[in-house]
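Below: the structure, in structure tokens.
The values are calculated or read from the model by the stated rules, or taken from the named source; none is laboratory data. Keep in mind the model is a prediction, meaning the values are calculated, not measured. Positions of Cβ are backbone-derived with ideal geometry, glycine not excepted, and every protein chain shown enters the neighbour counts. With ligands, DNA and RNA removed, areas are computed over all heavy atoms of the protein, side chains included. Shrake-Rupley method; radii C 1.70, N 1.55, O 1.52, S 1.80 Å.
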Amino acid sequence: MSASTEGNARAAGYAPHPYVGGRTAALRALAAWRMRWPGAPRVIVLTGNPGSGRSRLLTGFLMMCDPEYRKQLPMDDLDPATVPPDLPAPAVPSAAGRTAAQVLWLLADHFELAAGRTEDVFAELAARDEPVTIVVPDVDQAGPVRAAEEATRVVREVLTPLAATETVQLLADVPRELATELAGALPASQVQVIDLDAPEWADPKGLVLHAETALDAGSGAPELPYTTDPAARRALAEALAERAAGSRLTVQLAVQSLLMQPEGFDPADASQLPTSVGEALDLHARRLGADPQTLRLMLAPLAFAEGDGLPVQLLGTLANAVAGRDMSQDLADGMLLAAPFIQPVEPSSEDDEDGTGEDAEAGAGAGAGAGDGRTLLRLMHPALAEEIRSGLPDVRDTQTRIAMALLEEVPQQDWAQADPYIRDHLAAHTLEAGLLPQLLTDPGLFAHADPVTLRAAIEAVPLEQLGAPARTYLRTAPLLTRSQASATLRAAFLESAFVEDGLAPYAEALHTRGFRLPWRTLWSVPLAGVRAVTTGSVVAAGEDGTAVSRSVVALLVPEGTPGSRTLPDAADGAVPPQDGTGAADGTAVGEDSGAVNGDGAAAAGGRTALLLHDLRAPEYVDADPSQVVQPSEEDRAAAPLGFSRGADYLRVWARADRRMVAALVSDSPVTDADLSPDGVLVVATERGVTARQILVAAPPAAPSVPAQRTGTTDADASHGLEGDHS
């Protein structure tokens, strides 16, 4: 199959695809792949230059693959060799704006896989009796942060293993620099590369048809001599296509330019027809009597915009920063000049995910709602952005000026009042500017920023360049994304993580940022192997030698743990439960939840020891475990709070009205937990033990968060739980 089939299809009287308008050779190859025609490859890698029309081709093909959508197409008029069989629609996990992990877990959800780890996804797909068909578009747009180069990770971590899975029939739209790598990982008999700019796949006649349709007054173009006269329209379309050298985007921009501002355009003057995307910009500016460099400076902020687009209210601020001068008059006079290259965007539902819900009530998202109903702008195509960026003398310096301008727009450096674009995407701008490590010192930003975007930006920085707070965030980020926590809950999780890593000032700072945190973390110890926890009290000697009652938590630990006292007999139990069950409240919380008793020790296996820790301070207590007194059943029943737990989460609720007052999700399995009558929640996980004072209403006066007793302050990054769907 080659470009010569285009002419054969038209000679046979077949109609062009109503959306694609050509590309018969490529459509035939894709249809053969879909029907698993003998000799057809199992994997197709679709590539080409930016603006070559890959996305349009793939969209048109997927229209015919969707059983419902194909009912709206003139299927009987199309070349039968371009029409895929009427089968269930393939899985289409778009990579646009997503991380490699998100793309993979979209697939896992689509196929309802029980995988808990990434490698399990490929193993489960390989074990299927019937092949599965997967189409992955827009790999060049992968990732929430442009400078993080997520497309490479998608190819290496998702597409290459998928392509190697024999039960997977794969079609992927991949940028040229990665297409060879993906195709090279497979035997030549299993893969085909369709390069839309290669002679065998080029479609010059389809490009002429594309231009001719766009120029047709019957399709919405204004009535002009070259839009109403078929001969003139055809001649101009042929001239545009010839000058554009196969670039669909160049033709599109040229047509939009002359239709929006037809004055001064001479269709007979070939020098007014662009040969590239950059020339389309410059010719448009000159025809309208403007300086091409001014047009590029007006569009530059959009060339650096992240996410869905740039809020219109920030355009002037960033244009001034990029140009180094006041651009307000240029923008006021030049919006018609820029119009052919800009499109408005409706903000996505995730763009203001903190919204005005519980965080607004808590004062943590007071400014987040400012994004409601705002207008976002972006360039017509990513290739436009690359053209504008490539024309700047120093991209890194430009990003630095953009980042500084955005930072100045944060009112009183209060991230709760910042525009959602700034709080979510400032990290991406500082990443390309080389300044991200310096930004990662404000715990308020950690809590308010979109964790998916911030995590992607931080992971693009070498670990050795990150400070301790950033490393704490990085190990906590999988928990933040997996739980889809609100800004307030993110702040609570980070508050505990900072205490766990010995960064108490950062934890304390979160209590001053306007959040209504559900707890205050009192202390944390990295104590492995804790099998059970029980709160209580013990009489111990005070500093003056007098006996005082001290609130403690008894930790059941393996024999030999420093500071512990070995129980005389695991079956006897050194700290018997007061009510015989050790349950934290009147509800069942799991068989392994409750007091340190003989049953728990026996279930754990082996000899055990008891370690006493102060309930509210980061220090161990040297006292006789047999003297520990646990709360009575009546004390627990009279307590205002109760809790229930699962494998990696806990919920604390008010007994009076069953209202949940705190929800804790752990990044490692919970081994045991207990809640003291005065509201101190002690949780043991595989990482260690942490005590939190539950704050039911307005935070009461509390002592400063004490430093962690032991452990590292420079926490290593962690990938969190396997199977993180972020």
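At-a-glance table
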quantity: Residues (open to solvent by 20 Å² or more (accessible area, probe 1.4 Å) and touching an Asp or Glu at 6+ places or on another chain (Cβ under 9 Å)) located in region 469-488; calculated: Arg471, Arg482, Gln484, Ser486
quantity: Region 273-286: number of residues that are within 20 Å of Thr213 (Cα to Cα) and outside any helix (DSSP H, G or I); calculated: 3
quantity: Identity of the residue in region 646-668, touching a Ser or Thr at 6+ places or on another chain (Cβ under 6 Å) and outside any loop (DSSP other than H, G, I, E, B), that ends up modelled with the lowest pLDDT; calculated: Val665
quantity: Residue check for Glu432: part of a helix (DSSP H, G or I) and either free of Cβ contacts under 8 Å to residues at least 12 places away in the same chain or over 30 Å from Leu297 (Cβ atoms) (or both); calculated: no
quantity: Residue in region 408-427 that is open to solvent by 40 Å² or more (accessible area, probe 1.4 Å), hydrophobic (A, V, I, L, M, F, W, C) and over 18 Å from Ala491 (Cα atoms) present; calculated: no
quantity: Filtered residue count, region 440-465, keeping only those that are in a helix (DSSP H, G or I), surrounded by fewer than 21 Cβ atoms within 10 Å (Cβ to Cβ) and more than 19 Å from the chain's Cα centre (by Cα); calculated: 3
quantity: Long-range neighbours under 6 Å by Cβ, at least six apart or interchain, first residue on the phi < 0 side of the Ramachandran plot within region 124-150, second among the acidic types (Asp, Glu) and part of a helix (DSSP H, G or I); calculated: Ala142/Glu150; Ala147/Glu432
quantity: Matching option when the condition is farther than 22 Å from Gln252 by Cα, open to solvent by 30 Å² or more (accessible area, probe 1.4 Å), at pLDDT 90 or above and assigned to a loop (DSSP other than H, G, I, E, B), among Gly289, Gly307; calculated: Gly307
quantity: Subset of region 483-516 (residues that are of a type in the set (Val, Ile, Thr) and under 24 Å from the mean Cα position of the chain (by Cα)); calculated: Thr488
quantity: Residue in region 287-302 that is under 31 Å from the mean Cα position of the chain (by Cα) and of a type in the set (Gly, Ala, Ser) present; calculated: yes
quantity: Those helices (runs of 4 or more DSSP H) lying entirely in region 1-120 with at least 1 residues in contact with a helix residue (DSSP H, G or I) (Cβ under 7 Å, 6 or more places away or on another chain), crowded, with 22+ Cβ neighbours inside 10 Å and of a type in the set (Ser, Thr, Tyr); calculated: 24-34
quantity: Pick from region 498-549, criterion free of Cβ contacts under 8 Å to residues at least 60 places away in the same chain and small (Gly, Ala, Ser), ranking: surrounded by the most Cβ atoms within 10 Å (Cβ to Cβ); calculated: Gly529
quantity: Count of region 634-664 residues which are of a type in the set (A, V, I, L, M) and either farther than 28 Å from Tyr620 by Cβ or open to solvent by 40 Å² or more (accessible area, probe 1.4 Å) (or both); calculated: 8
quantity: Flag for Gly529 being modelled with pLDDT under 95 and in a loop (DSSP other than H, G, I, E, B); calculated: yes
